[in-house]
Every structure is written in C-alpha cells, then in structure tokens.
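Report on the structure given below.
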Amino acid sequence: MAGGAEFPSRSFLLFWRANAVSAFGMYITLLALQALVVLTLHGSATEVGWLSSARWLPYLVLGIVVGALVDRRPRQPVLVATDVIQAGLLATIPVLWWVHRLSFPVLLVIVLAYGATSVVNGAAAMSFLPRLVPREHLQRAHARGDGADAVAMSSGPALGGLLVSTLGAPLAVLVDAATYLYSAVTLSRIRVTEPPARAGTRARDLVAEIRDGLRWVYRGSGLTTLAVATHGWFVGNAVVAVVLAPYALLTLGLSAFQLGLVGAIGGIGAVVGAAVTTRVGLALGTGRTIIACHAVDVVGVLVMVAAGAASHSWVAFAVLAAGQGLYGLSLGMSNSHEMSYRQLITPDELQARTNTTLRSLNRAVMVVVAPVAGILADAWGIRPTLVAAAAVFAVVSCGLALSPFRLVRAPV
C-alpha cells in the first residue's frame, strides 16, 4: 500500500485529482448527450431511455467477468489505458456530427463502447483505492472523493448547459474527452507497488473466481441486505435519470441552461452531504445514515413532481432545483458509507470481483428499467412515473429500517 498511515498521501491526492477532473467532464457529457438526443436528434423520453440503457448494458454483459480479470492484474496500468480509450471514443461524437454522420443508432454504438470501457475502468478504480489508503481512512477517502464528485455535479451540469446553449451538444462532449486524457497522465504519476499479474488464466479458473465473487456478495459476507437494497435504489434512480431531462425541457419548458442549473443545485446538495457525512455517520451509525438518506430521496423526488404544478417556468425551475438539491444531498451523504463498509469487510483479492459484481447487477437494473421508464413516461406521463420512483425509494428505506442492517456501525 502506498502512503503508509499518512492521510492524505501524495498517491491518494493524485488519484483523487484524476477522478475529480474526469468526473467534472462526465457530468458535462451526461447532460450534453441527453440534450443531443432531445434537441439535436429530436428524440423523446423513449430515446433517452434507450441511451441510458446502452450506457449500462456492458455492465450486464461483461461486468462479472471483468472483475475476475482485473483482480489478476495490476490496477494502475488498466486505469491509464481505459482513460485514453474513453477519451478517443468521446472525441468521435463531435467529429461524426461535423461530417453529418451522427445518428441515434451510431450514437448508441459509441455509448456502448464507452460503457464497456467504463466497466473495466470502474473495476480497477474501486479496487485500486484500498491499495492507496489505510483501512482506518477508507470512509474519509470516499467522503473526500464524494465531495469532489459533488463539486463536479454542481459545476459540470451548469457549464454543460452553457456549452450546449452556445456551442451545441456535440462540441460539449469534447470537454469530457480532454478530462480523461488529464486523468490518464495524472494516474501514471502514482508510485505504488502492486502484486504482479497472474498468468495462465483458464476458463475453469475464471468461472471459479466469478463464482467466489458472487458467493461472497450474496452468501455470508454481511453484504447481502445492503446489496439487495442498492439494487432497489437503482430502480428508482434509473427512472429519475431517464425522465429528468424530458421533464425539464419538454413538460416544464425549461432551457438547456436552466436544466444545467438544476443539475448544479443537485451538485451543491451533494457537496453539503459529503461535507457532513462523517459527522452524521458518527452520530447515527452507518446503517441508520444510509436509511435516512433513502428517506430523503423520497422527499426530493416528490418535490420534483410538485414542479409540474407551477404556474410560471421560473417557479417550476426553483421547485425542480429544490427537489434535485435534496436528491443530491442524499447521494453525497450515503455513498461513502456504503462503499467503505463494502471495502472494509472484503479481502483485497476479492475487491474487484465484489465491486464489479455489485456494479454489474446495479447497472443491469438500469439496462432493464431505463427503457421501460422512458416508455412509461411517454405513455403514462412523466409525473406519475416520478411518483412511482418515490414509492420505490420508500420501499428501500423501510426495508433496511426493518432489518438488522440498521444497527451496522463501521469505523468512520
């Protein structure tokens, strides 16, 4: 492990900086791609749903296998290589738009490839952090990362909305490509000793390692209750992620810049959540903190629903932003506790498999739910669909509150 007992070490700060910058670009791209579908390619909520599904489909197809493969290799070189590949894929979007070859099917193919690379990158990143940070500082490391992500969540969408309004959605994606290149260079500067790659992978060995990862998550590790609840949370989150842009742009009549500001308010909420999460965890414990965050999700989504009753666009904007702020507050508070709890009880040799198994199944939920949410929103209405998402969050919060997980208290 690099850095010994020191926190934050130089290695962690480089890792943190690389992730913070690439997260900034990612939030620009998330808004830009949705705006591209709705405004440039003239799509509806259904198309936005298919775009989201394509983004997460590789987790369903490749995720569990990728986790086992990454556990066999040093993680730093994997991170650098995948950052470079993601930059190249994103750069093709404005190029194809420039030569009038960008269509919705082509965009789906690019997003699929980008998602596949993200699977590998995510498996390596989440399992690399415990090699940089002592166990007693993992929750603080995640909280600091969440804080940077929250700042990116607040500033990225606002800048993304401005870039989309002034330059167009395709060119806004170039910013994200540049941030991935910066991340690759920064990560390459980390000095860390990792176990050598394990050679001679056989299909039988790989299947056994995948099975070990699944067993660890769902049989006897203490992760099962949280894992199932997180799958449920992703159902609600998939609905919110799909319908937010069409809701703001089409139903409420907001501009792309206003949509970006809504995302920025969500990011500010996440900044606040990340800033107070360690203190809240000390007061409530890990389990109760996560349960409270999911209850806040319910309130936040219901406030977003109320924006549809506003009589003026700026009132609708303010109400939608308030709901998004609560949603961001919950995310900023909960993530560091979930991730540190998972990593604290998982052995190093199972870190990539555990992280990627859970991420894969969570993203599998996104793959299935995202297009369904888009179809329901078009057929049933966006506001009733958001109410359904709030109901899902309520079930998740109540389920955890009624289980022994509420008593979990990990070191913070």
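Here is how the numbers come out for the structure above:
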{"read-out": "Tensor-based shape of region 209-284 (alpha-carbon gyration tensor, a/c under 1.5 rounded, otherwise prolate or oblate)", "value": "oblate"}
{"read-out": "The chain - charge dipole about Cα centre, Lys and Arg +1 at Cβ, Asp and Glu -1, debye rounded to 20", "value": "840 debye"}
{"read-out": "Rounded to the nearest 20 debye, dipole of region 296-412 from Cβ charges on Lys, Arg, Asp, Glu", "value": "120 debye"}
{"read-out": "Burial ranking of peptide ranges 100-106, 397-403, 257-263 (average Cβ count within 10 Å, highest at the top)", "value": "257-263, 397-403, 100-106"}
{"read-out": "Three-way shape label, region 283-373, alpha-carbon gyration tensor, a/c 1.5", "value": "oblate"}
{"read-out": "Prolate/oblate/rounded call for region 116-166, Cα gyration tensor, a/c under 1.5 rounded", "value": "oblate"}
{"read-out": "Length gained when the stretch Ala178-Phe104 is fully extended (0.36 nm per residue, less Cα-Cα span)", "value": "24.3 nm"}
{"read-out": "Distance from region 57-135 to region 165-191 (C-alpha centre basis), Å", "value": "14 Å"}
{"read-out": "Computed [θ] at 222 nm, helices only, for the chain once each DSSP H run of length n ≥ 4 contributes -39500 (n - 2.57)", "value": "-27500 deg cm²/dmol"}
{"read-out": "Rounded FRET efficiency, nearest 0.05, which uses the C-beta distance separating Ala318 from Asp212 and R0 of 35 Å", "value": "0.10"}
{"read-out": "Dipole of region 38-127, positive direction: furthest Cα of Val106, Leu62, Gly43, with charges on the beta-carbon", "value": "Leu62"}
{"read-out": "Order of Val280, Val120 under a 10 Å beta carbon neighbour criterion, fewest first", "value": "Val280, Val120"}
{"read-out": "Stretchable slack from Leu250 to Arg409, in nm (0.36 nm times residue separation minus alpha-carbon distance)", "value": "52.8 nm"}
{"read-out": "Cα centroid separation - region 362-389 against region 249-297, whole Å", "value": "20 Å"}
{"read-out": "Helix runs (DSSP H) in the chain reaching 30 Å along axis by Cα, Kyte-Doolittle at least -0.5", "value": "10-35, 45-70, 75-98, 104-128, 138-166, 224-246, 256-284, 286-306, 313-344, 351-380"}
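We did not get these values from a lab; they are worked out from the coordinates using the rules stated. Owing to the predicted nature of the structure, the values given are computational and were not obtained by experimental measurement. For neighbour counting, all protein chains shown are included, and Cβ atoms are generated from backbone atoms with ideal geometry for every residue, glycine included.
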